[in-house]
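Chemist: This structure is in structure tokens; I'll ask about it shortly.
The values are calculated or read from the model by the stated rules, or taken from the named source; none is laboratory data. None of these values were measured; they are calculated from a predicted model. Positions of Cβ are backbone-derived with ideal geometry, glycine not excepted, and every protein chain shown enters the neighbour counts.
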Amino acid sequence: MRIERRRWPRRQKRIKNTVAESNLFQARALIALLLIALALLILAGRFYWLQISQHDELLTRSDANRVKLHPIVPARGLIYDRNGELLADNVPAYRLEVVLEQVKDLPHLLDQLSQVIPLSEEERQRFLENRRQHRRFQPVPLRFRLSEAELAAFAVNRHRFPGVEAVPYLTRRYPRGDLFAHVIGYVGRIDKDELENLDPTRYAGTTHIGKLGVERAYEQRLHGEVGFEQVEVNAEGRVLRTLKRNPAGSGEHLYLSVDAKLQAAAVAAFGEQHGAAVAIDPRDGEVLALVSLPSFDPNLFVNGIASKDYAALQVPSRPLFNRAVLGGYEPGSTLKPFVALAGLELGLRRPGDTVFSGGAYRLPGQQREYRDWRKGGHGTVNLREALAQSVNTYFFDLAVDLGIDRMSGFIGRFGFGEPSGIDLSGEAVGILPTRGWKQATRGEPWYPGETVIAGIGQGFWVATPLQLARATAALASRGQLYQPRLVHAAQRGFDAALIDEPHPAPIDLGLQSANVQTVIDGMVAVMHSPTGTARESAADAGYLIAGKTGTAQRVSRVGDQAIDLDLLPFDLRHRALFVCFAPADAPTIALAVVVESGGSGSRAAAPVARKILDAWLLGGDGR
């Protein structure tokens, strides 16, 4: 079979159209040119927007990367006593600060850093908690008060720790330690709650704030005004140069009315005893000494107290508790001069009126006995002898005649039951007992027997040592009730003159001078008469003292059996109190002393007061 090959037609050669190709090329070139022109226009527009329209904003951002604004923390104002002795100082130190945005692995950095500078677990935990209060670009304190050896070790290894700097600063120091802890208080690190309430601009860069005492009460004046400096930095954040500097304004320097020598003498007078003492100048209300024992070292709190140190302060004696301002005590017989004055001023007693003390007092129709402290009583006594011998029966009888509301109303005029207004925060007000107070607080009526014991400062009475000292100063000044003050002058800069602090005008109690003098004569008899309960403490004084002993009972005797105070457990012994002023004819000091577990005012508190009076009146120094 024959197979024929199929023949395909030959492909015809295509003729090239040069004109069409040229037109197509031109079209494509035009499109490309337009796209390039459009891109150039967009780029030019972007350049215009960045370089001209947004120039100011971008320049600011650029400067923000190149120029940093660093706060300059002001030097905290210093605190002095009345004679210029330094009580609160600023000393140079170094601290470690960490800028979190410059740290890639924080746990690793802390582990490595702790091999160079020891970091306690407390310091690490405090830092981790504190960092939440700061932005990532803000430095966060890690360790305070580096030693010279630690500072040198860090300087050698600085390159290993980006974002960590050793920064110089001024730290607070209290040269007299625990002597003024309850007066000056202390500064401490700013916590989260405080940070939320502080002005972020005024406290920029500040790590510490006043926590207690004068440091807290005068925080705004002690802090000063923050300054700023503009610095140029490189890409790594290192400072290249300072462009502009606005210096900080240091805080005011405060001069307290307290006397360091008198304060030390008061502490020494207590020995190992616990208690409180407040001394006031009756001529103007300035506080000369304020003691609460036991005390504590405020330096422990400045840069964060260690757990073991804080635990050592959590003991039954409560060294952190300010007994002078916050402590509430039954005033006991130290209230008797005011009860006596109430009887005179309200016309219920005359100086010569007498009462027979047979050892016990009974209300009409009752069998219960209210006893004198001396078994068998004191016999017939007038007001002077009732004060000199502290005769309970006299004041039982007077209290019943006065009635609780009238008695408390008069005594309240001396500042009991209300804050004194001292320039410290958190003052206790005590209790001024009345019928209305008992009904409102306890939902119970007032009973006649409660009036009896109220006449000798027992029962519901509660007063602070500060209130007792203030009221005693009002007696010494013959009826002028001053607001006690701790700061008496301030200085704005070391070259500035001292400016006296304004003191509120005293309240004139409107007392009759003859009645006041009668009570003062009785208080002088307490100290200098043969029958006075504190005559031993005034022996060979060389100056005249007006005083009154007091004992606040913590346990009561059963039946007729007396209590041997020396056999009682220490924590059950009566509180000993004493109030006085001297010299009695021209007083320059009024004083209240409380000795906890002292037993009796004459045995424990009066000797302490005598030593304090001697330090003030016989110590020279322009008393």
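Chemist: Identify the residue in the stretch 419-450 that is β-branched (Val, Ile, Thr) and either surrounded by fewer than 18 Cβ atoms within 10 Å (Cβ to Cβ) or in a loop (DSSP other than H, G, I, E, B) (or both) and, among all such residues, is farthest from the chain's Cα centre (by Cα). Before the answer, list the steps.
Modeler: Of the stretch 419-450, the ones β-branched (Val, Ile, Thr) are 422, 429, 431, 434, 441.
Imposing the further condition that a residue be either surrounded by fewer than 18 Cβ atoms within 10 Å (Cβ to Cβ) or in a loop (DSSP other than H, G, I, E, B) (or both) reduces the set to 422, 429, 434, 441.
Working: ILE422: 12, VAL429: 17, THR434: 32, THR441: 29 Å.
Looking at the filtered set, the residue picked out is THR434.
Chemist: Then there is this: Taking only the stretch 263-300 into account, find how many residues are of a type in the set (A, V, I, L, M, F, W, C), closer than 23 Å to ASP89 by Cβ and crowded, with 23+ Cβ neighbours inside 10 Å. Show your work before the answer.
Modeler: Start the filter on the stretch 263-300 by keeping residues that are of a type in the set (A, V, I, L, M, F, W, C), which leaves 264-270, 276-280, 287-291, 293, 296, 300.
Adding the requirement that they be closer than 23 Å to ASP89 by Cβ leaves 264-267, 287-291, 296, 300.
Subsequent filtering for residues that are crowded, with 23+ Cβ neighbours inside 10 Å retains 266, 287-291.
So the answer is 6.
Chemist: Select from the stretch 220-278 the residues that are of a type in the set (A, V, I, L, M, F, W, C), at pLDDT 85 or above and in a loop (DSSP other than H, G, I, E, B) and list them in ascending order.
Modeler: Answer for the stretch 220-278, where residues must be of a type in the set (A, V, I, L, M, F, W, C), at pLDDT 85 or above and in a loop (DSSP other than H, G, I, E, B): VAL226, ALA248, VAL258.
Chemist: Please pick out the residue among LEU466, LEU498, LEU475 that is under 28 Å from ILE184 (Cβ atoms), surrounded by 19 or more Cβ atoms within 10 Å (Cβ to Cβ) and not polar (S, T, N, Q).
Modeler: Criteria check complete, one pass: LEU466.
Chemist: Looking at this structure, is THR393 hydroxyl-bearing (Ser, Thr, Tyr) and in contact with a Gly (Cβ under 7 Å, 6 or more places away or on another chain)?
Modeler: yes
Chemist: Can you name every residue in the stretch 353-384 that is in a helix (DSSP H, G or I) and surrounded by fewer than 22 Cβ atoms within 10 Å (Cβ to Cβ)?
Modeler: Correct list: ARG384 only.
Chemist: If you go through the stretch 399-418 one residue at a time, do you hit one that is assigned to a loop (DSSP other than H, G, I, E, B), surrounded by fewer than 17 Cβ atoms within 10 Å (Cβ to Cβ) and either at pLDDT below 95 or among the charged types (D, E, K, R) (or both)?
Modeler: yes
Chemist: Also: Residues that are in the same structural domain as ALA88 (by TED's automatic domain parsing) and surrounded by fewer than 16 Cβ atoms within 10 Å (Cβ to Cβ): find the helices (runs of 4 or more DSSP H) completely inside the stretch 153-217 holding 2 or more of those.
Modeler: The qualifying helices (runs of 4 or more DSSP H) are 192-197.
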